[in-house]
Amino acid sequence: MPLLYQSLKKTCPEAVPDDTLEQLRAYFLTNAKRNLFLTGKLLRLLELLKDNGILAVPFKGPVLAESVYGDLSLRQFADLDILV
């Protein structure tokens with residue numbers, strides 16, 4: 001959904017009904033806020049693990065969003081995946 005919203009907004013917003021575009025925008029913003037929250041939690045968790053000598057590698061979620069899209073808000077994720 002975030003990619004759909006971004007694509008429609010950039011390429012043809014006039015072709016999408018206003019209420020539909022607004023619903024997509026609201027979902028996009030909700031997703032972005034959740035992703036920022038989860039990414040903050042991930043960074044704090046990784047730091048805590050590191051401080052206690054525990055090696056951990058995050059994957060999927062925010063790592064994938066940033067590496068593939070260059071933008072945390074363009075991928076949907078609802079949990080954090082860490083290899084310990």
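None of the figures in this text is laboratory data; all of them are computed from the coordinates on show. If you're wondering where the values come from, they're calculated on a predicted model, not measured in any experiment. Cβ coordinates were reconstructed from backbone atoms using ideal geometry, including for glycine residues, and neighbour counts include every protein chain displayed.
Numbers at a glance
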item: Positive-end residue, the range 2-83 charge dipole about Cα centroid, Cβ charges, pick of 15, 2, 70; result: 70
item: Angle between the chain longest axis and helix 2-11 axis [Cα atoms, degrees, rounded to 10]; result: 40 degrees
item: Computed helical MRE - 222 nm, the chain, DSSP H runs ≥ 4 contributing -39500 (n - 2.57), nearest 500; result: -19000 deg cm²/dmol
item: Contact order relative to length of the chain, as percent, for alpha carbon pairs under 8 angstrom and 6 or more apart; result: 33 percent
item: Of (i) 6.6; (ii) 10.6; (iii) 5.5, the label for mean projected area of the Cα convex hull in nm² derived from the coordinates; result: (iii)
item: Sequence-distant lysines (8 or more away, or on other chains) whose Cα lies within less than 28 Å of residue 50; result: 33, 41, 60
item: The range 1-49 versus the range 59-84: alpha-carbon centroid distance in Å; result: 13 Å
item: Charge dipole (debye, nearest 20) of the chain; +1 at Cβ of Lys and Arg, -1 at Cβ of Asp and Glu; result: 180 debye
item: The range 41-84, dipole about Cα centre (Lys/Arg Cβ +1, Asp/Glu Cβ -1), debye to the nearest 20; result: 40 debye
item: Phi-based couplings in Hz for the range 36-42 (Karplus 6.51, -1.76, 1.60; Gly and Pro marked x); result: 5, 4, 5, 5, x, 4, 4
